[in-house]
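The values are calculated or read from the model by the stated rules, or taken from the named source; none is laboratory data. These numbers were taken from a predicted model, which means no experiment stands behind them. Note that each Cβ is placed from the backbone with ideal geometry, even for glycine, and that neighbours are counted across all protein chains shown. Note: accessible area is taken over every heavy atom of the protein model, side chains too, but ligands, DNA and RNA are not part of it. Shrake-Rupley method; radii C 1.70, N 1.55, O 1.52, S 1.80 Å.
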Amino acid sequence: MKSFYITTAIDYVNGSPHLGHAYEKVLTDVIARFRRMMGDQVHFLTGVDEHGQKVQQSAKKKGIPPQQFADEVSAEFRALLPKLNISNDDFIRTTEERHKKVVGQVLQQLFDKGEIYKAEYKGFYSTRQEQFLQEKDRRPDGAWPEIFGEVTEIVETNYFFKLKQYQEWLVEFLTTHEDFIFPKYRQKQVLEFLKEPLNDLCVSRPRERLEWGIPLPFDGAYVTYVWFDALLNYYSAVADKPGVWPAAYHVIGKDILLPPHAVYWPIMLHAAGLALPGGIIAHGWWMTGGSKMSKSTGNALNPLDLVAEFGTDAFRYFLIREMNVGQDSDFTREQFLVRYNSELANNFGNLVNRTLNMANRFHGAVVPAAEVAEDAEKELHALWEKTREEVIPLCEGFQFHTALEKTFFFITATNAYIEKRAPWKLGKSTEAHDQALLRTSIATMAEALRLGTALLTAVMPATVEKINAVLGHSPGGNWRDELVWGAKLTGTKFAEALVLFPRPEKPKATG
RNA sequence: GCCAGAGUAGCUCAGUGGUAGAGCAAAGGACUCAUAAGCCUUUGGUCCCCGGUUCAAUCCCGGGCUCUGGCACCA
C-alpha cells in the first residue's frame, strides 16, 4: 500500500481562525480522503505554531504566561477541525516535547556538520517594536516611520544557516523536478527568485530579546527563530513513525511559499540529509469584495456561522466547488446561496428526495432490477463511464472544482433521464412494456444516484453516508468497485424521504 | 522597476489555428414523482485595443492598456 503523508501549514496562534484557515483544512482533507479512497495509506497532519515574539507579546499584554495564551488560542483552532469534519490523523503543537526534541537534534546535527555558524549581524533596531528594521521599512525620504520610535544601529551576534551554498543545488533540483510546486507557474516564480543570490539565514534570537522559543542545543543563550521551529513540525510529528516520511505534499497558502517552503525548507532537509517532500501545493486566498480576507475584514464572515446555518458539507462543497486551487476567489453570501440553492438543494437534494419518493410510490420502496436498455438508459450509462473516467484524473491533479462540475453534470442528466421516462405516467399504464420500463427507470435512477453520490464522498462525507443509509446501501471497502455501474441496489429497501439541503428562509425585507 | 498570472455572455468561468461554450441570472413552454424543485426551448458576446504571420487568429508573434500577485529573515 502506497504511503501518502499530507500536511497543512501550522497556524500561528496569534489570532482566531478565519475562512482562510478553514479552507486550507478542508482542501487538505478532501485530498486526504480522496487518496484513502484510492487505496493509499494516508497520514494527515495539521497543527499550530505556538512560539515567537507575537505570542510572547500578546500573552504579556493579557498578563498571562505564553503557554497559557497558546493553550487558549490553540484550543480554538483545534475545535474547528471536528466542526469541518476534518479527518486528520495527528495534531502537532510546536511546544510539545516531541517537536522540541527533534528541532534540537536537527540543529545540533547541522551545527556539528558546520552548516550553522556564529556571526555578527549589524542592523537598525527599533526598541519600541522590538525588531530589526529593513531598508524597505524606511519612508521615501529615508526617515523611519513614527511607530518604530527611536531607531538605533546595533550589532548583535547570532547563528546563521549556510543557505547560500545550496542555491545551485536547489535550482538544479527544481529544474529536474518540474512538478514540485503546484500550480506550475509558481515554480517558475521560485526559479525567477533564485536568479538573485541568497543570503545565509539567521536562525537564532538572543534570549534577552525573545524568551519564548526552543533553545539552541549548542548555546543556551539563544532560541531558534521561526523557520527551524515551524517548518520542522512536518518532520518532527512523524520522526518516530517509520515509513511515513517524506511527505507527499505540503498544502500551504501562497503567502508562505516564497521563500520559506520553496527555498528554506528544501535546503534545510537536504543539508540535514532528509528526503524531500513530493510537492508543495500553494493555494490562493478568499477575497471579499476584492480585498483579502483577514482578521480585520473577515469577521463579517465567520466560517463557523455558515457551518451552523447550512451544515458542514454545504460549506465544504462551496469552498471546493468555487475555488480553483491556486487562484483567488471571492466569497460572498450571495454566491454561497446560489450554489446552495441551485446545485445542492434543487439539483442534488431534490433528486435524492424524488428518487426515494418514486421508489416508494411506484414500487413499494424496493428497488427492482433493470429489465431493458433502450437509448435513454444507454445514454446515461455512457455518460456515467465518461464522467468517472474524467473525475478521477481531475481529482488526482487537484482540479476538484472541475471534478464537481462534471459530477453535477451527471446528476443533471439523471434528472433529465427521469423526465424522459416519466415514471408517474408509466405507473398509470397496465401494459407489460410500460411496467418493465417503470421498473427499469426506478432501478436506473437509483443506480445513477448511488454512483453520483459516490463521487462526492471526499467532499461531502457525512451527506454521502446519509444518502447511502436511506438507499439501504453499505459501500464496500474498495471505492473503485463502488464506481462500477451495476445492480448493487437491486432488492434493497428505501427509506421514505430525506430532505438534505432545506431551502433557507426567505430573508426578511427589513434585513 | 523586474517577474508571473489574468482580460471571452448581465455574473462566475471553460475553450480551440477553421460557424464562439457551460453554469447561474432573464424570458417562454409542456409536465406533476419531488425541497414552488426538475425538464425542454429561447434571448444574450467588437472573445481588452492596435499591428503582424496565415487561405483562415479569440487562440501564434510584436506593441499597448487594465487588473491581480511575488520581489527574502515578516508570522
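If you go through segment A:337-387 one residue at a time, how many are open to solvent by less than 40 Å² (accessible area, probe 1.4 Å), more than 11 Å from RNA strand B (Cβ to nearest atom) and within 38 Å of the chain's Cα centre (by Cα)? Looking only at that region, the number is 6. Mind checking which residues of segment A:218-248 are over 22 Å from A:Arg205 (Cα atoms) and open to solvent by 10 Å² or more (accessible area, probe 1.4 Å)? Once the filter is applied, which keeps residues that are over 22 Å from A:Arg205 (Cα atoms) and open to solvent by 10 Å² or more (accessible area, probe 1.4 Å), segment A:218-248 yields A:Tyr235, A:Ala239, A:Asp240, A:Lys241, A:Pro242, A:Gly243, A:Val244, A:Trp245, A:Pro246, A:Ala248. Got at least one residue in segment A:195-212 being part of a helix (DSSP H, G or I) and modelled with pLDDT of 90 or more? No - not one qualifying residue is present in segment A:195-212.
Residues of segment A:307-336 that are within 9 Å of RNA strand B (Cβ to nearest atom) and of a type in the set (S, T, N, Q): A:Asn324, A:Gln327, A:Ser329, A:Gln335. The helices (runs of 4 or more DSSP H) found wholly in segment A:423-511 and carrying at least 1 residues that are more than 14 Å from RNA strand B (Cβ to nearest atom) occupy A:432-455, A:461-471, A:479-482.
In this structure, A:Ser441 does satisfy being surrounded by 16 or more Cβ atoms within 10 Å (Cβ to Cβ), farther than 22 Å from A:Ala314 by Cβ and not basic (Lys, Arg). Condition check for A:Thr492 on (1) over 14 Å from A:Asn353 (Cα atoms); (2) in contact with a Gly (Cβ under 6 Å, 6 or more places away or on another chain); (3) open to solvent by less than 20 Å² (accessible area, probe 1.4 Å): one failure, at (3). Annotation note: Cβ proximity below 7 Å between a residue of segment A:403-420 that is in the same structural domain as A:Lys386 (by TED's automatic domain parsing) and a residue that is among the basic types (Lys, Arg) (sequence gap 6+ or interchain) occurs for A:Leu404/A:Arg321. Could you say whether any residue in segment A:188-195 is without any contact (Cβ under 8 Å) to a residue 24 or more places away in the chain, open to solvent by less than 80 Å² (accessible area, probe 1.4 Å) and outside the structural domain of A:Gln399 (by TED's automatic domain parsing)? Yes, because at least one residue in segment A:188-195 is without any contact (Cβ under 8 Å) to a residue 24 or more places away in the chain, open to solvent by less than 80 Å² (accessible area, probe 1.4 Å) and outside the structural domain of A:Gln399 (by TED's automatic domain parsing).
The criterion of at least 3 residues that are under 30 Å from A:Leu306 (Cα atoms) and within 15 Å of RNA strand B (Cβ to nearest atom) is met, among helices (runs of 4 or more DSSP H) falling completely within segment A:44-150, by A:53-62, A:66-83. Annotation note: Cβ proximity below 7 Å between a residue of segment A:432-450 that is in the same structural domain as A:Ala382 (by TED's automatic domain parsing) and a residue that is in a helix (DSSP H, G or I) and basic (Lys, Arg) (sequence gap 6+ or interchain) occurs for A:Leu437/A:Arg421; A:Ser441/A:Arg421. Among the candidates A:Asp255, A:Asp219, A:Asp229, A:Asp240, the residue that is in contact with a Gly (Cβ under 7 Å, 6 or more places away or on another chain) and assigned by TED's automatic domain parsing to the domain that holds A:Gly284 is uniquely A:Asp229.
Exactly one residue out of A:Pro197, A:Pro215, A:Pro206 is more than 18 Å from A:Thr8 (Cβ to Cβ), within 16 Å of RNA strand B (Cβ to nearest atom) and touching a strand residue (DSSP E or B) at 6+ places or on another chain (Cβ under 9 Å): that is A:Pro206.
Residue count for segment A:99-120 satisfying the condition of being loosely packed, with under 15 Cβ neighbours inside 10 Å and in contact with a strand residue (DSSP E or B) (Cβ under 8 Å, 6 or more places away or on another chain): 4. Selection over segment A:18-43 of residues that are under 30 Å from A:Gln129 (Cα atoms) and within 15 Å of RNA strand B (Cβ to nearest atom) gives a count of 3. Taking segment A:74-120 as the range and being under 19 Å from the mean Cα position of the chain (by Cα) and of a type in the set (Lys, Arg) as the test, the residues that pass are A:Arg78, A:Lys83, A:Arg93. If the condition is being open to solvent by 60 Å² or more (accessible area, probe 1.4 Å) and assigned to a loop (DSSP other than H, G, I, E, B), then segment A:157-187 contributes A:Lys162, A:His177, A:Glu178, A:Asp179. Selection of first residues in segment A:344-367 that are assigned by TED's automatic domain parsing to the domain that holds A:Lys428 and of second residues that are of a type in the set (D, E, K, R) and near RNA strand B (Cβ under 6 Å from one of its atoms), restricted to Cβ pairs under 6 Å at least 6 apart or on distinct chains, gives the following pairs, ordered by first then second residue: A:Ala345/A:Arg503. Out of all the residues in segment A:124-154, which are within 30 Å of A:Gln105 (Cα to Cα) and free of Cβ contacts under 8 Å to residues at least 60 places away in the same chain? Answer for segment A:124-154, where residues must be within 30 Å of A:Gln105 (Cα to Cα) and free of Cβ contacts under 8 Å to residues at least 60 places away in the same chain: just A:Phe132.
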